[in-house]
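Comments concern the structure below.
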Amino acid sequence: MKKFLALLLAAGMMFSVVACGDNTPSNGDDTDVNTDTGVVDGTDTTGGDAVEYVDPYADIEDYDELSAAIYEDVLGDFATAYEAAKAATNVSERYALMAIAEAKLMEDALMLPLSSNGGLYAISRVAPYTITSVLWGNDSYRYHDALVATEPLTTGDRDEMKAKWAELNGTGGYEAWAKQFLADKGYTVKDSYSLGYASDPQTWDVLATSRAADSEAIINTYDGLLEYDMENVLQPALAESYTVSDDGLTYTFKIKEGLKWVDSQGREVADVKADDFVAGMQHMMDAAGGLEYLVQGIIVNATEYLNGEVEFDKVGVKAVDDTTLVYTLEQPTSYFTTMLGYGVFAPMSREYYTSQGGQFGADFDSSAESYTYGKTPDNIAYCGPYVVTNATAENTIVFSANESYWDAENINIKTLTWLFNDGSEATKAYNDMLAGVIDGCSLNASSLEIARGDGNFDKYGYTSLTDATSFMAFYNVNRSQMTNINDATKGVSSKTEDDVVRSNAALRNVHFRRALSFALDRGAYNAQTVGEDLKLTSLRNSYTPGTFVTLKEDVTVSINGTDKTYPAGTAYGQIMQDQIDADGVKMTVWNPEADGGIGSGDGFDGWYNVDNAKEEMAAAIEELAAIGIEVTAENPIYIDLPYYSGSEVYGNRAQAYKQCIDTTFEGKVVMNLVTCETAQDWYYAGYYTDFGNEANYDIYDVSGWGPDYGDPATYLDTFLADYAGYMVKCIGIY
């Protein structure tokens, strides 16, 4: 999968960030609770007989069975609708049915859309659009073609370049024009690029990870078959050409000859061969790092191999000879080539892998003492533009030009330097940018004030583009973890056992979740990190951006039993909104009047509404009372939100969240802010977890998802059941 993103990894170094201990204790009421049976002695405020709450899942001891039961209850409607969408063979019908399925997902309110990546004030030496801006995959983190000046680009020059890119896009002429434009304007273009980062890679094996902090670094060490250029056109990389069979099931790639794998010292270790893509695919499946679901249902027998039903030689990836690679698909997949920019299809030198103790199939064991592959940058082979020559934890990562790279003469950046910034100093990135330590930064409220005062904002400031990354707040419907999984002294919740039973019951109620979602003033919340001016710019209102795809042809689908025909060009978001409206849920995920009538699901708050929040809470309180859960100001539901207390910015954001919840519900719901003194402790509350039962929160606003390929399934597949959906763990199951 791509991008299970942590917020700090994408916040443009504009933040300050936290070890976790609660600073807002609950009242510690003395209601009796039996945590073995999930029974709470409730109080009937109506004067009738008391209703005893019994956890409907208390008798399910098997975790998989428990997850399946909860999944069916909270995501059953989505799963049914999505199954129908996946069965569609017409691309436009598929898109329309996926939009309907996502409407159900949004209505389930298991997560609240918060923002996209970008949409921030910034100053930069990097010329616009000289790094691909394609919305999916990891190619936007390949920096070798970037044009970086020795001075920040002025706002006017940047605008002129953007306009020219729109004119030249797809012609292949933008890079040459940009170089000449910069020279004519008096800029000096350099061959180095320095930027900030917030989290060290946990592994250097791109085939064994789904975390952006890993893959966004490793992407610069290898090439794929095809890659997007700065005009967002898919170009040959390690492949020189490819063909597709008439039935759309067979893709045959011809690999360039003479390509070399090297080690971190630049010494040649093997030739790049078609078999390296076969080895990479098998290792990816063996490692099971969260990537494998991407090829299930796509590559022939991928699912069967993962289930242990066939040997790998039955899987639909073959090296016919050293330069001929063949993928065989289970069904025509219109977006298959858009998947090639992500690590799931990365090559891996079979020879080098086995030299590092690597084995395949049943013999794979990454815990073996002899297994060193991917442990450090010195334990991988390189076929990309860079080798890693320095990797000092929480300090510096240096990528130096790979002299054996097949296109070494044409890369613009010879040295790529990542410099660690944990965000604890709000103005560090801006000061580093001015000093030339890094080549660009986003401007938070503190640095924006300085930039306006010293005149740099007026001269150089611009608003960065938003992208398809969707940051979300996730609701844990099955919480069992009360401390961080890596350190029981961190993230310690003050909630009583009774509090936990009650909050789990409440969060399993869809009206309660919707109430929480409608209660957050996302503009005020977002303003704490991006400033008042831009608080709405990056707001997102759905999981898949409403403009991500449009219908390729007219299509008719059923909206609650009524056929509706959508013309070609209809946006995904419009269909999603129609289904939500038909279901009578009061949220807005699409504004057809936005962007001059083009329409958008971004840039406005379609969720925040205090009246709607109170209406949904009233419904939740009534339903909870019927099962024995009393919710009053005297007996509230306590909700834990971990936050990074080392950052003033994120501390203010957490306080804004708490104020909205506590005030809207007049004490019936109380948010406990659980302090995290370091960014790593914040991550370990949820981002670094592998399973839902490790999630140490009730609400978590750190993580997000970015698309791997150009189809809505790249988002929606993350909410499949049975461990197939990577983000389902964020709601406490699987």
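The values are calculated or read from the model by the stated rules, or taken from the named source; none is laboratory data. Since the structure is predicted, the reported quantities are computational estimates derived from the model, not experimental observations. Quick reminder, even Gly has a Cβ in these numbers, built from the backbone with ideal geometry, and neighbours come from all protein chains shown.
Of the residues in segment 100-118, how many are in contact with an Asp or Glu (Cβ under 8 Å, 6 or more places away or on another chain) and either small (G, A, S) or within 21 Å of H144 (Cα to Cα) (or both)?
Summing the residues that are in contact with an Asp or Glu (Cβ under 8 Å, 6 or more places away or on another chain) and either small (G, A, S) or within 21 Å of H144 (Cα to Cα) (or both) in segment 100-118 gives 3.
As an exercise: evaluate V262 against (1) in contact with a Cys (Cβ under 9 Å, 6 or more places away or on another chain); (2) of a type in the set (A, V, I, L, M); (3) modelled with pLDDT under 95 and give the number of the one condition it does not meet.
Here V262 meets the rest and fails (3).
Among A625, A654, which is in a helix (DSSP H, G or I) and either over 29 Å from Y726 (Cα atoms) or touching a helix residue (DSSP H, G or I) at 6+ places or on another chain (Cβ under 6 Å) (or both)?
A625
Based on this model, can you work out whether I661 counts as in contact with an Asp or Glu (Cβ under 9 Å, 6 or more places away or on another chain), assigned by TED's automatic domain parsing to the domain that holds A50 and of a type outside the set (G, A, S)?
no
Using beta carbons and a limit of 9 Å, which pairs, at least six apart or on different chains, have the first residue in segment 325-352 and in the same structural domain as E93 (by TED's automatic domain parsing) and the second one crowded, with 21+ Cβ neighbours inside 10 Å?
Filtered contacts from segment 325-352: no entries.
Just for segment 689-730: of the residues that are part of a helix (DSSP H, G or I) and among the hydrophobic types (A, V, I, L, M, F, W, C), which one is farthest from K86 (Cα to Cα)?
Among residues in segment 689-730 that are part of a helix (DSSP H, G or I) and among the hydrophobic types (A, V, I, L, M, F, W, C), the one farthest from K86 (Cα to Cα) is C730.
For segment 333-382, name all the residues that are surrounded by 24 or more Cβ atoms within 10 Å (Cβ to Cβ), over 30 Å from L249 (Cβ atoms) and not aromatic (F, W, Y).
G358, G374, I380, A381
What's the total number of residues in segment 283-305 that are touching a strand residue (DSSP E or B) at 6+ places or on another chain (Cβ under 8 Å) and either closer than 24 Å to D322 by Cβ or hydrophobic (A, V, I, L, M, F, W, C) (or both)?
3
When you go through T338, T389, T354, T376 one by one, which is the residue that is at pLDDT 95 or above and over 13 Å from D263 (Cα atoms)?
So the residue among T338, T389, T354, T376 that is at pLDDT 95 or above and over 13 Å from D263 (Cα atoms) is T354.
Please find, among V300, V315, the residue that is closer than 25 Å to D708 by Cα and crowded, with 22+ Cβ neighbours inside 10 Å.
V315
Considering every residue within segment 497-510, establish whether at least one is in contact with a helix residue (DSSP H, G or I) (Cβ under 9 Å, 6 or more places away or on another chain), buried (at least 24 other Cβ atoms within 10 Å of the Cβ) and assigned to a strand (DSSP E or B).
no
What residue, of V40, V74, V54, is under 19 Å from N635 (Cα atoms) and either in contact with a His (Cβ under 9 Å, 6 or more places away or on another chain) or modelled with pLDDT of 95 or more (or both)?
V54
Residues to consider are I621, I627, I661, I637; find the one that is among the aliphatic types (A, V, I, L, M) and either surrounded by 24 or more Cβ atoms within 10 Å (Cβ to Cβ) or within 21 Å of the chain's Cα centre (by Cα) (or both).
Testing whether each residue is among the aliphatic types (A, V, I, L, M) and either surrounded by 24 or more Cβ atoms within 10 Å (Cβ to Cβ) or within 21 Å of the chain's Cα centre (by Cα) (or both) leaves just I637.
Quick one: in segment 678-688, which of the residues that are assigned to a loop (DSSP other than H, G, I, E, B) and modelled with pLDDT of 95 or more is surrounded by the fewest Cβ atoms within 10 Å (Cβ to Cβ)?
The extreme case among them is G686.
Just wondering, is there one or more residues in segment 579-599 that are assigned to a strand (DSSP E or B) and either surrounded by fewer than 23 Cβ atoms within 10 Å (Cβ to Cβ) or at negative phi (or both)?
Yes, that holds for at least one residue.
Out of (1) closer than 26 Å to L75 by Cβ; (2) surrounded by 24 or more Cβ atoms within 10 Å (Cβ to Cβ); (3) at pLDDT below 95, the odd one out for V549 is which?
Of the numbered conditions (1) closer than 26 Å to L75 by Cβ; (2) surrounded by 24 or more Cβ atoms within 10 Å (Cβ to Cβ); (3) at pLDDT below 95, the odd one out for V549 is (2).
Okay, residues lined up against (1) of a type in the set (S, T, N, Q); (2) in contact with a helix residue (DSSP H, G or I) (Cβ under 8 Å, 6 or more places away or on another chain):
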position: T544; (1), (2): yes, yes
position: F548; (1), (2): no, yes
position: T556; (1), (2): yes, no
position: N560; (1), (2): yes, yes
position: Q577; (1), (2): yes, yes
position: K586; (1), (2): no, yes
position: D595; (1), (2): no, no
position: S600; (1), (2): yes, yes
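If you take just the helices (runs of 4 or more DSSP H) that sit entirely in segment 153-263, which of them hold at least 1 residues that are polar (S, T, N, Q) and either surrounded by 20 or more Cβ atoms within 10 Å (Cβ to Cβ) or in contact with a helix residue (DSSP H, G or I) (Cβ under 8 Å, 6 or more places away or on another chain) (or both)?
Qualifying helices (runs of 4 or more DSSP H): 155-168, 212-218.
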